[in-house]
Each structure stands twice: as structure tokens, then as C-alpha cells.
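See structure below.
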Amino acid sequence: MRRRGSLVGPLLVILIGVWFLISSLRPDLPLFDLAARFWPFVLIGWGVLRFAEILLWAAQGRTLPRAGVSHGEWTLVVFICLMGSFLYVVNRHRPWQQWGFITGSRVEIFGHPYDFTIPEQTAPAPKAARILIENLRGGVRIVGADAQEVKVSGRKTIRSLQESDANNAHKQTSVDISTQGDQVVVRTNQDRVTGDERISTDLEMTVPRTASVEIRGRSGDLDISDLNGSVEVSSDNASVRLQNIASSVRLDLRKSELVRAGSVKGDFVLQSGRGRDVELDTIGGEVTIDGSYSGDLQFRDCAKQLKFQSPQTDLKVEKLPGQIHLDLGSLSGSNLVGPIRLRSNRSRDVQLEQFTQALELSLDRGDITLRPAQMPLAKIDARTRSGQIDLALPESAKFELKATTSRGDLNNEYGAALRTDYENGRRHEAGGSILGSVGQGPSITVTTDRGTVTVRKDTGGPPPPPRPPKPPKAPGVTSIEIERH
């Protein structure tokens, strides 16, 4: 009997061929990164195509295979899963950054690194100079000093197949310092080399403390400290560390592993296409962060408004004398000054303590723990589609409360001032509300579609652990719950 062919194999070969063709025509494209991130789409496409083939055979009245996928194809699926997982892990940790090569060119794979010392150069600079640094690849370390000159030194690494080619590349890429009015331009001239050599220039710079700095590059770590002027950075891939900046900071990064800033007196703006960790401490101006981040974000002591926006989370805080910690699955904060607005369309647990002014909180999924600061309380509106809510109110606070769950338990641990209303008079996860007023105070509304709601008095200690969910009842079994008074 003639064996039924499949289009999956030929299309897979075509896909591999197209991949290598693009790699040859556009070596600058991050194909390895794309493969590491999106390899599961190969399995999805394979499955959809195989399913379409079976539907076509059925429509034509042909005999269907006993198994939609053959043993050989299952072996290939396992191999693709293993290879894709390996690519993801390797791309995440990027060991080649320690090995000294990057895939995609024979120079990076077979070449040898040659190190060169950049001799120290100095150039006069006006008191309010604007320092422009153009360095395609390599790190830059800048320190402000009480001097009226720009001092540059460092080292250069050139990866090449032959030492003679590296020497020629070194001569063509000398570091130049030029002065144009109040602007001082430092160039590493890496674009002068058109061969296969790969050049990385690490600069050590001392500039006038009153100067402003602008850095343009593709990749490299940046360390800037002790400046009274502004800082602007534009890079495709950079980790940035800032300390003691007396003016504004603006960072435009397509990718970043770490952004750390401390003691910045002006506004701080960070735009990142894809970032990981962000640490901000003691920021005097407004903080604006926009991008997608997969690591830990820590904000402390922000004197003015903090705005954070990502595809999943929108956070706005008027002031932050305390701190906020944010990661992929949780957000915790203490000593916040509102109005506070937090919206998240992903699963995230939120815990806020010692906050003042109004709070507007909306979660798609996640537990909510709220401990507002002492009086006077402000309006609170918190909602989660699925998750527990724990609300601890000061004993002497004045408020009007409406705490509702559509499906879940109600725990009134505050006292007789609040009443508990269950749906249909039943208690067992039928839903209901905790209602009541204590004096003349702001409205507090907390709502969960599915989860337990607990309202209690704040005793000043740590919040209690979340209540474990009740085991489901067997069909036909009726339980009697005795409520303690």
C-alpha cells in the first residue's frame, strides 16, 4: 500500500533554509534571541498543519491514520522541545558574554581577542560643558570632578582572525576629542572599520562636575556619578548605574539587564523596550518608567510623583516616602502617599501598608492585603476578579464599608459595628457582603468575584497568613457550622 505523505517534513526543511538565508543576508538581526523566545510556535504550527491534513483526508474519504502523529514525528517533537529549552536557558544566561564571543560570525567564533591600551588624553572644557560620547560597543565610566577639563583613558578589545588585522583596526579607531563651543565630543570611531573585526572600547572619563552628559551607543555598561548636570543615554543594550546626579536623567534603552540610580535630584525618565531589574533610591523629581520588565523593581524615597506603565501594569503614586517592590507575581509597598492608582491585567498579589489618601486598585487575579495608615482615612476602591481580600482598619477610624464577594466566605473580625449579609441566608461560600458605618468617614469598597473577604482591626502587628481554602464537600453531605460569639 502506498504510504501517505505529509507536508510537515518539507515545510520544516523550507523553514530551516529560510532561517539560514535570513541569517546570511541580515547578520545584524537577533535570530538566536528570536529562536530562543518563540520556538514553541514551531510546535503550534506543526500541530495546526497536521490537523488540517487529517481534516483534508477525511473530506476526501481517504483512510485516516490510527495515530495523527507517527513515532518518528513524536521523536522529533521531543528533540525540538529539548533544543528549544536549551536555547532559552542559554539565551537567558548568555554565557558567551563571559567566553568572549557572540554567535553569528566566523570572527566571533574562531577569532582571538587582542587588547590595546588607550593612552590618556585631556581637553579643556567650559564650566557648563555638554559632553557627547559616541561609543558603539563598550562600557563608559564617568566621574565628575572639580576640574575644567575632560580626561579620557581606557582599553580596547579587538577580536580578529589575525593580529595584523587587529593592529590596523586599532590604528583606525583611535579615540578623538573635539571641542565645538560649549560642546565636547568624544568618539571611538568604531564605524571606520568595515572588515570582520569586532571592536569593544571601554572608556574611563573624568569631566567637570557641572557638565551635562549625553551617551549614544549600541551595547555596553554605563557608570555615571557625581554630576550636577543632566544625563541622557540612548542605547540598544545597556546596564546603567547612576549615583549623585543633581539634575534630570533620561534613559532610552531598547534592552537592559539593570538600571540602578541613587541620589538623583531631578526628574527621572526610563523608557525600555525590554528590561529586567530596576532600582531607584532617593529621587527628588518625578519618576516616569515605561517598558516591559521581567525582574525585580524597587523604588524607595521618591519625593514627587511616580508613574510606572507596562503592558500588564499601570501604577501611579503621588509620593513615595517609603518603598515599593514589584516583580512578575506580586507588588508590595509601605508608606505611600496618594492618590494611588494600580491596575494590572495579570495575576498579581498586592500588599499595601501605611498608605494615605485615596486608593484605586483593580486586579484581574490576585490576593489583596490592605493596611491603611492611621486617621484620617481616605476613599478606597479595591477589586479583584479572583483572590482573597484582607482589610485591616485602625480601631479608631471612621468609615463607611461595603466588602463584597460573589462567591466565597465572609469573615467579620472587626466587631459589632459591621454586619454580615449572606446570599440567600446561606454562609458556605454563597457570597454576600460585610456592611456598616463607623462615624462619618470616607467610603471603603472592596470586591472580589471569587474569594474570601476578611475585615479586621489593625493591631499594629504583621498581617495574619492567608486562610487555607476549605475542602470541597462530598455530594449529599450536609455540614453544620457553629459560629463563635
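The values are calculated or read from the model by the stated rules, or taken from the named source; none is laboratory data. The structure displayed is predicted, hence computed values, not measured ones. Note: ideal-geometry Cβ built from the backbone for every residue, glycine included; neighbour counts use all protein chains shown.
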Among the listed residues Glu395, Glu400, which satisfies the condition of being farther than 11 Å from Thr447 by Cα and touching a Pro at 6+ places or on another chain (Cβ under 8 Å)? Glu400
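Based on what the data block shows, is Glu400 among the acidic types (Asp, Glu) and over 24 Å from the mean Cα position of the chain (by Cα)? Working first, answer last.
On the way: among the acidic types (Asp, Glu): yes; over 24 Å from the mean Cα position of the chain (by Cα): yes.
Judged against the criteria, Glu400 is a match.
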Restrict the check to the stretch 322-341 and report whether at least one residue is modelled with pLDDT of 95 or more, more than 16 Å from Leu359 (Cβ to Cβ) and of a type in the set (Asp, Glu). no
What is the number of the single condition among (1) within 14 Å of Ile118 (Cα to Cα); (2) touching a residue at least 40 places away in the same chain (Cβ under 8 Å) that Asn189 does not meet? (2)
Looking at the stretch 271-294 only, could you name the residues that are surrounded by fewer than 17 Cβ atoms within 10 Å (Cβ to Cβ) and part of a loop (DSSP other than H, G, I, E, B)? Glu286, Ser294
For the stretch 185-225, how many residues meet the condition of being β-branched (Val, Ile, Thr) and in contact with a Gly (Cβ under 9 Å, 6 or more places away or on another chain)? 8
In the stretch 122-172, which residues are at pLDDT 90 or above, in a strand (DSSP E or B) and buried (at least 20 other Cβ atoms within 10 Å of the Cβ)? Ile131, Ile133, Val140, Ile142, Gly144, Val150, Val152, Gly154, Lys156, Ile158
Would you confirm whether or not the stretch 457-466 contains a residue that is assigned to a loop (DSSP other than H, G, I, E, B), within 35 Å of the chain's Cα centre (by Cα) and modelled with pLDDT of 85 or more? no
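Has the stretch 417-437 got at least one residue that is touching a residue at least 60 places away in the same chain (Cβ under 8 Å) and assigned by TED's automatic domain parsing to the domain that holds Leu342?
Of the residues in the stretch 417-437, the ones touching a residue at least 60 places away in the same chain (Cβ under 8 Å) are none.
No - not one qualifying residue is present in the stretch 417-437.
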So, Arg260, is that one farther than 17 Å from Ile324 by Cα and without any contact (Cβ under 8 Å) to a residue 24 or more places away in the chain or not? no
Restricting the stretch 231-270 to residues that are more than 18 Å from Ala303 (Cβ to Cβ) and among the polar types (S, T, N, Q), which is surrounded by the fewest Cβ atoms within 10 Å (Cβ to Cβ)? Ser234
Tell me yes or no: at least one residue of the stretch 355-365 is of a type in the set (Asp, Glu), more than 25 Å from Thr452 (Cβ to Cβ) and assigned by TED's automatic domain parsing to the domain that holds Val455. no
Leu393: passes all of (1) in contact with a Ser or Thr (Cβ under 6 Å, 6 or more places away or on another chain); (2) modelled with pLDDT under 95 but (1)
